[in-house]
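Values in this text are rule-based calculations from the coordinates and carry no lab data. Every value quoted in this text rests on a predicted model; they were computed, and no experiment measured them. Quick reminder, even Gly has a Cβ in these numbers, built from the backbone with ideal geometry, and neighbours come from all protein chains shown.
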């Protein structure tokens, strides 16, 4: 690809970026109108897995980077209008429902007791059983769901600063600042607990923080900034990351995927990759989707490519989930594809309400749960 073509591709890709320093957006239609590639036709469903729809639920439309919260047998979801709701993963019974009182920008963090979201008014709001427990004003936008863990609520802001709050009272415990990037992604970043370390994505690096005070324990690079302008130099890690033990694997937006040994704080491998969604994985492999709709499996130990599925091109694929013998991935047409972990071939296909799958599928209890842009909550279980 020529340098000019590469620059145009990356510029088009950052139409979903927000400039925190300038607070400006690119005008719509700046590059003219070009037809999108035609989505691949669906192959016949081989129905090699017996899966049934177990239950459905509903919230309002989802128009933000949702992450479905799971704790044991409970599933927590949120909607763009401020709704938060909890469901029993086995029966679908709605256990609680509440509202943040404003449209939601990021959510939902959940530990089984406390749920947390960030509103577009920059409020961090915590709930217990659907009732608001406390709220705190944040100094910056956030697109990453809060992390609720260890009686604390952690927030990764759009400028990739990190803050910690007391889970019971909302009192700010500490804040770790860093120099803001000229451009950052308007989508979820990386934040997860690994043992007694809080692991976050900052720029193209995974950083291990002490959750008690925010001090840096280690840093490990997955992708480095290159180029001569802000757009070319954009490097940002996107959620969801795949963790197995001390191994955490993440994607740098349209640049690379890589894995880090968090015990030693070192990068074990990186591979060039051109995608904008997070990763799934198991002990053997890491799974991701590329911008053109390829589904790729890399070997977790060394990053070598294990297989590629090219039967879902241009279908708007999201973040995969490794579940049983399957790799589960949703598309922008409301279908959920279950592929073989061994070679990526289709095992079966599930339908929802025809709107895009809005979040990475999750496993809860004995159910596979997906949420659509129209607010449908669908659970599937083995026959």
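Note: relative contact order over region 255-383, using C-alpha pairs below 8 Å and six or more positions apart, is 14 percent. Mean-square fluctuations from a GNM of the chain, with a 10 angstrom spring cutoff on Cα atoms, peak among 93, 349, 152 at 93. In the chain, helices alone account for a calculated mean residue ellipticity at 222 nm of -1000 deg cm²/dmol, with every DSSP H run of four or more residues adding -39,500 (n - 2.57). If the chain linking residue 333 and residue 38 were pulled fully straight, counting 0.36 nm for each residue of separation and taking away their Cα-Cα distance, it would gain 104.9 nm.
Between residue 128 and residue 263, the FRET efficiency estimated from the beta carbon spacing at R0 = 45 angstrom works out to 0.85. Computed from the C-beta positions of residue 94 and residue 299, the FRET efficiency with R₀ = 45 Å rounds to 0.60.
Kirkwood hydrodynamic radius computed over the chain comes to 20.9 Å, based on all pairs of distinct alpha carbons. Projection of the Cα convex hull of region 320-383, averaged over all directions and equal to a quarter of that hull's surface, yields 3.9 nm². Look at where the Cα atoms of region 308-383 and of region 53-116 average out, and the two centres are 18 Å apart. Given their separation in residues at 0.36 nm each and the Cα-Cα distance between them, residue 140 and residue 353 gain 73.2 nm when the chain is fully extended.
Here is the tail figure for region 110-240: Cα pairs spaced more than 19 Å apart come to 47 percent of all pairs. Computed over region 172-312, the range of Cα coordinates on each principal axis works out to 48, 37, 23 Å, biggest value leading. Fewest neighbouring Cβ atoms within 10 Å first, the residues 141, 368 line up as 141, 368. What the Cβ-Cβ distance of residue 113 and residue 226 gives, at R0 = 41 Å and to the nearest 0.05, is a FRET efficiency of 0.40. In this simple spin-label model, placing a label point 7 Å from the Cα along the Cα-to-Cβ direction at both residue 172 and residue 308 gives a separation of 4.7 nm.
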